[in-house]
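S.K.: The structure that follows is given in the form of structure tokens.
The values are calculated or read from the model by the stated rules, or taken from the named source; none is laboratory data. Only a predicted model underlies this, so the values are computations on that prediction, with no experimental measurement involved. Cβ placement follows ideal geometry from the backbone for every residue including glycine, while neighbour counts extend to all protein chains displayed. Quick note on the areas: whole protein, heavy atoms, side chains included, nothing else; ligands and nucleic acids left out. Shrake-Rupley method; radii C 1.70, N 1.55, O 1.52, S 1.80 Å.
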Amino acid sequence: MQPIDQFLSHRLKALRKEKGWSLDKTSKETGVSKAMLGQIERSESSPTLATLWKIASGFNTSLSAFIESNQDASTGNEIREADQLRHKPSIDEMLVAPLFPYDHQYGFELFELTLMPGYERLSDPHVKGVTEHVIVIRGEMELLIEGKWQPMKQGDAIRFAADKEHGYRNLSDQPAVFHNLIYYAES
């Protein structure tokens, strides 16, 4: 398996080539600076998870397209272990396990996310129609929805429109682990 920065570099170049976009056009579509895009393509910089989301949204693709190198659709039963998949795909202090990368057949991707103590991330709106389903499986966290932080504890679940600003934070001294199913509505 290639290092994540090399994978991101190849993936970004491939998507730009596929669309026929220049770095200028890519910057306009994603809201990420041309300099940062160039650094990612040259494997000189590790982007934040927020930057990866901006890039994915600009290309109208899933986040897992940038963190999971094996995107082949499964034709049957598939067992995936979070412990083997969990990694840090960006410079953020968040661990990500892509349990089920995006598959067009199903319209969603499923992650196990770990927020380290004190971690906070605000997320720009995703493309119209994206819905997130968050289920806390260990610890406590807060979710920013409609401008208010919603406390969540183990076993709590919430669904919200992710095409609006939202955020995640862990104010406790223990990691918070949650599943996040991200559904992409057909456009």
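S.K.: Restricting to segment 95-121, give me the number of residues that are over 14 Å from Glu186 (Cα atoms), modelled with pLDDT of 90 or more and open to solvent by 30 Å² or more (accessible area, probe 1.4 Å).
M.R.: Going through segment 95-121 one residue at a time, the tally reaches 5.
S.K.: Taking segment 44-64 as the region of interest, how many residues are open to solvent by less than 40 Å² (accessible area, probe 1.4 Å) and at pLDDT 80 or above?
M.R.: Adding up the residues that qualify gives 14.
S.K.: Of the residues that sit in segment 10-20 and are of a type outside the set (Lys, Arg), closer than 16 Å to Ala56 by Cβ and open to solvent by 40 Å² or more (accessible area, probe 1.4 Å), which one is farthest from the chain's Cα centre (by Cα)?
M.R.: Glu18
S.K.: Continuing with the same structure: Here's a check for you: in segment 31-43, which residue that is touching a residue at least 12 places away in the same chain (Cβ under 8 Å) and exposed (fewer than 15 other Cβ atoms within 10 Å of the Cβ) is nearest to the chain's Cα centre (by Cα)?
M.R.: Filtering segment 31-43 for residues that are touching a residue at least 12 places away in the same chain (Cβ under 8 Å) and exposed (fewer than 15 other Cβ atoms within 10 Å of the Cβ), the one nearest to the chain's Cα centre (by Cα) comes out as Gly31.
S.K.: Filtering segment 122-134 down to residues that are crowded, with 16+ Cβ neighbours inside 10 Å and either touching an Asp or Glu at 6+ places or on another chain (Cβ under 6 Å) or at pLDDT 90 or above (or both), which residue is nearest to Arg169 (Cα to Cα)?
M.R.: Val134
S.K.: If you don't mind, another one. Would you point out the residue of segment 155-171, among those that are at pLDDT 95 or above and not in a strand (DSSP E or B), that is surrounded by the most Cβ atoms within 10 Å (Cβ to Cβ)?
M.R.: Per the criteria, the residue is Asn170.
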